[in-house]
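Structure, as structure tokens:
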Amino acid sequence: MVFDKLKKLMPLGLIIIISLACSLPNQLSFDFLGAPSATRSPTPTSTSTIPPTNTPTPTPQPTPTPSPAFRIQHGQQAVFNGDWDQAIIEFNLVLSSESEADVRSTALFELGRTYFHAGEHQLALESLETLLSEYPDSALLADTYFSLGQVYTALGLHNQAAVSFQNYLQARPGVIDATIHEMAGDALLAAGDYSGAISEYQKSLAAPRLDDNLSLEIKIGQTYTASGDFSTAIVVYRDVYNRTSSDFTRAQMNLLMGQAYTALGEMDQAYNVYQDSVNKYPHAYDSFQALLALVQAGIPVDQFQRGLINYNIRQYGVALLAFDRYLQSDPEDRAIGYYHRGLTYRFLGQPQDALEDFERVIVNYPEHSSWADAWEQIATVQWLNLQQPLTAIQTYANFVEANPEHPRSSDFLFQAGNIAERSDNLERAALLWEKLARDYPSSTNAFRALFLAGITRCRLEDYTSALNNFQRLVNISATLKERSQAHFWVAKAHQAVGDHEAYILSLQQAAAADPTGYYSERAADLLAGRAPFTPPVDYDLSFDENAERAEAEAWTRTVFNIPAEVDLSTPGPLVEDARFIRGNELWRLGLYQEARLEFEDLRLGMQHNPANTYRLVNHLKDLGLYRSAIFAARQVLTLAGMNNAQTLSAPVYFNRIRFGVYYRELVIPAAQEYEIHPLLLYSLMRQESLFEGFVTSHAGARGLMQIIPSTGQEQANRVGWPQDYTSEDLYRPVVSVKLGADYLKRQLNFLGGDIYAALAAYNGGPGNSAAWKTLAPDDPDLFLEVIRFEETRNYIRAIYEVFNIYRRIYDRSP
């Protein structure tokens, strides 16, 4: 419940205040969103149409004045959603109308924390210092010290920040000491107090923590370096080097050791560690820095490694010279030199030179490990550099003909088919893929190749051949997904040749093969006459959570034989687990990433314990850590032996966790404003972030709707909001939901309302989606299969699957 989530976020003082306020007369009730039902219009959750009726005009009733407890709770909900302006209004209203000490101290604390989030650091400082001066005995003392440490850090007052973090530890020792000591150490380091920083870091090392301490040890070494104690720094760096398994970290340690040795005047030692990086870790950027130091000092280096390092950082001209010197030195392994020089020529835009080097490898070194790669590179140069797709296809075909038993032959046939298809030579593509499936039936590419051959035959309107390929797929399918996929496209081919009876039969087989899987769901929709992403006629996002949770608890007891005396309604034994304790404290202080690490380690540690996993489901959901709650809920069902389809018959509480309507107060207005069904927005959001607002992808996308900063800036400029936008705003749910919905609507408008194409644009880019749409303009099923990016194809399938589950859960159609 939202109130429970807020209770995990709120300081101790506010819990007391709300407990007292709940006993007051005329206390406002709270609806599912956690907002006062007496002061907010109901959110429409049904698409059914209610006919107008003649009713008397009601007598206006006075609107109850929200209580301070409500205003603080509502403000905290606004903070959770990233709505700083609304939160500041709520907390200021409390301060302007309330004299009770606990209430005012809570409002001051929340106001200071909100100003900090909003970047108003001086105002944050004023609020928090006022709290300390006026209410020195407040229950919020520790929280205030922590927030002051953050504010002082933002203001560049690092000594004061360190003192504040140390004051937090005095007020609340033994909980998250490792984190706070490290933050204090960072502050002292920034202040130039190196001995103080090292002392705090050492205390952090000694405190319980999850990680292996390597990142903290590196900080300690760098602090010793900054203090001028290079010998001790080297000892620390050497220890990290010996303990890590990461080549990149080893290259970093070598660079740091080399710089320390240089400062000590021990140049031979410095050159030794630099050479270690150059010879062992050519893919690490720090190895380039080591190489640079060696070259500037006139120290001889391995020319092949030099070329490889420069190639990896795209310094192709320098790399070419190094590979030339390597080959001129009459090396034992000339093939590797020719191969990498050929790669370098390719990226320098010298394709003929590249082809000559690759040919040298093929002709002279047939036993070399780079031999097959050289064939592949010749085809790549012919296709991409020389724009000669037919020649590239023939190169692959020549390899396969001459080396039919080679392990790369099936891969090369597959690539040849790709080139033919991309070059609009569809007949050649189909033949190549059919040959692969026929000649290499045990290849990992066989199913995909035969499937693409069938799709290509459909594009050629050769439906008889397509049908033959898809029917062969049924026989070689190895998974439920493959079987449903094959039956689905058998059905599509039957439809194309006008065999309606066979079409229906094959759709039924597809629908039954992999329930909840994309092709089964799509087949079921076709059988029902539903277009893709058709919402329910009537739906309802509200529900009785307490009743559903009670049902889930009773089911859990029965399935796992948990005795009645075992309490499942509370965290129970989890409250004694250090990870649980640390996770709660970190979450409450707003250190969400750190909190998630603790809870995820706890969740994985409890994954074979159904009782504790069920307890975690409830706690994580109430806390607002929805992603981890979703995984925990699925794990309970996994322990019960349920596959994906069977989970839909589990108590609905588990599926409301897994497919939740979180952030309703943001999603519903956005859905209404942009005329996008809320279940589609929820399906998109779930796929993008699993409702984790502070997440960042490997590509740099941020927040609930996973918007990359450049797109976020464009969107913010377009809608004129939020004011003074920065990329950090994408972590605010209120911003992410609005900008994400706006962006999806733009793609829908751009692509003629085609949801498949709009989702492809959201994931793979609008230009790409528009190009793919020209390949299959009228058939969403064919459009999906011609999308070039595997990630985008899987993305659309996943959202389709999730949307259909949302429809099942929240459908209230008669």
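Points worth noting:
- Qualifying residue in the range 458-469 (condition: closer than 23 Å to Lys481 by Cβ, in contact (Cβ under 8 Å) with a residue 24 or more places away in the chain, open to solvent by 40 Å² or more (accessible area, probe 1.4 Å) and over 34 Å from the mean Cα position of the chain (by Cα)): yes
- The listed residues are Tyr135, Tyr145, and the only one of them that is over 22 Å from Ser204 (Cα atoms) and among the hydroxyl-bearing types (Ser, Thr, Tyr) turns out to be Tyr135.
- Pair list, Cβ under 7 Å, 6 or more apart: the range 108-122 residue hydrophobic (A, V, I, L, M, F, W, C), other residue crowded, with 18+ Cβ neighbours inside 10 Å and at pLDDT below 95: Phe109/Pro11
Results for (1) at pLDDT 95 or above; (2) within 20 Å of Glu521 (Cα to Cα), shown as yes or no for each residue.
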{"site": "Tyr653", "(1), (2)": "yes, no"}
{"site": "Arg658", "(1), (2)": "yes, yes"}
{"site": "Tyr663", "(1), (2)": "yes, no"}
{"site": "Pro669", "(1), (2)": "yes, no"}
{"site": "Ile676", "(1), (2)": "yes, no"}
{"site": "Ser683", "(1), (2)": "yes, yes"}
{"site": "Glu688", "(1), (2)": "yes, no"}
{"site": "Glu692", "(1), (2)": "yes, no"}
{"site": "Val695", "(1), (2)": "no, no"}
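- Pairs with Cβ under 6 Å, 6+ apart, first in the range 348-372 and assigned to a loop (DSSP other than H, G, I, E, B) and hydrophobic (A, V, I, L, M, F, W, C), second at pLDDT 95 or above and open to solvent by less than 50 Å² (accessible area, probe 1.4 Å): Leu348/Tyr316
Yes/no per residue for (1) part of a loop (DSSP other than H, G, I, E, B); (2) touching a residue at least 12 places away in the same chain (Cβ under 8 Å); (3) crowded, with 23+ Cβ neighbours inside 10 Å:
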position: Gln289; (1), (2), (3): no, yes, no
position: Val295; (1), (2), (3): no, no, no
position: Gly317; (1), (2), (3): no, yes, no
position: Phe323; (1), (2), (3): no, yes, yes
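- Listed conditions (1) open to solvent by 20 Å² or more (accessible area, probe 1.4 Å); (2) without any contact (Cβ under 8 Å) to a residue 24 or more places away in the chain are all met by Val400, apart from (1).
- Failed item in (1) surrounded by 20 or more Cβ atoms within 10 Å (Cβ to Cβ); (2) free of Cβ contacts under 8 Å to residues at least 40 places away in the same chain, with Ser443 passing the rest: (1)
- Residues located in the range 755-787, provided they are touching a residue at least 60 places away in the same chain (Cβ under 8 Å) and either among the aliphatic types (A, V, I, L, M) or in contact with a Lys or Arg (Cβ under 8 Å, 6 or more places away or on another chain) (or both): Ile755, Leu759, Leu775, Ala776, Asp781, Leu782, Glu785, Val786
- Qualifying residue in the range 523-543 (condition: open to solvent by less than 30 Å² (accessible area, probe 1.4 Å), farther than 30 Å from Tyr795 by Cα and out of contact with any His (no Cβ under 7 Å at 6 or more places or on another chain)): no
- Summed over the range 753-800, the residues that are in contact with a Pro (Cβ under 7 Å, 6 or more places away or on another chain) and more than 25 Å from Leu739 (Cβ to Cβ) give a count of 1.
- Only one of the listed residues (Asp373, Asp424, Asp353) is open to solvent by 40 Å² or more (accessible area, probe 1.4 Å) and closer than 24 Å to Gly454 by Cα. That residue is Asp424.
- Which listed residue is of a type outside the set (D, E, K, R) and either assigned to a helix (DSSP H, G or I) or open to solvent by less than 30 Å² (accessible area, probe 1.4 Å) (or both), from Gly693, Gly641: Gly693
- Restricting the range 482-493 to residues that are in contact with a Ser or Thr (Cβ under 9 Å, 6 or more places away or on another chain) and open to solvent by 20 Å² or more (accessible area, probe 1.4 Å), the residue that is nearest to Ser442 (Cα to Cα): Arg483
- For Arg306, the criteria (1) more than 15 Å from Gln252 (Cβ to Cβ); (2) of a type in the set (Lys, Arg); (3) open to solvent by 60 Å² or more (accessible area, probe 1.4 Å) hold in every case but one, which is (3).
- Within the span defined as the range 327-337, every residue fails to be open to solvent by less than 30 Å² (accessible area, probe 1.4 Å), closer than 30 Å to Gln259 by Cβ and either in contact (Cβ under 8 Å) with a residue 60 or more places away in the chain or assigned to a helix (DSSP H, G or I) (or both).
- Number of the condition not met by Ser215 [criteria: (1) within 24 Å of Ala233 (Cβ to Cβ); (2) polar (S, T, N, Q); (3) not in a helix (DSSP H, G or I)]: (3)
- Among the residues of the range 176-210, the ones that are without any contact (Cβ under 8 Å) to a residue 12 or more places away in the chain and not in a helix (DSSP H, G or I) come to 1 in all.
- If you go through the range 208-223 and keep only what is open to solvent by less than 20 Å² (accessible area, probe 1.4 Å) and over 30 Å from the mean Cα position of the chain (by Cα), you end up with Ile220, Gly221, Thr223.
- Flag for Ala270 being open to solvent by less than 10 Å² (accessible area, probe 1.4 Å), touching a helix residue (DSSP H, G or I) at 6+ places or on another chain (Cβ under 6 Å) and modelled with pLDDT of 95 or more: yes
- With respect to the conditions (1) open to solvent by 50 Å² or more (accessible area, probe 1.4 Å); (2) small (Gly, Ala, Ser); (3) under 30 Å from the mean Cα position of the chain (by Cα), Gly583 falls short on a single one, namely (1).
- Residue in the range 256-271 that is in a helix (DSSP H, G or I) and under 36 Å from the mean Cα position of the chain (by Cα) present: yes
The values are calculated or read from the model by the stated rules, or taken from the named source; none is laboratory data. The model shown is predicted, which means the values in this text are computed figures rather than measured ones. Every residue, glycine among them, receives a Cβ derived from its backbone with ideal geometry; neighbour counts consider all protein chains shown. Note: accessible area is taken over every heavy atom of the protein model, side chains too, but ligands, DNA and RNA are not part of it. Shrake-Rupley method; radii C 1.70, N 1.55, O 1.52, S 1.80 Å.
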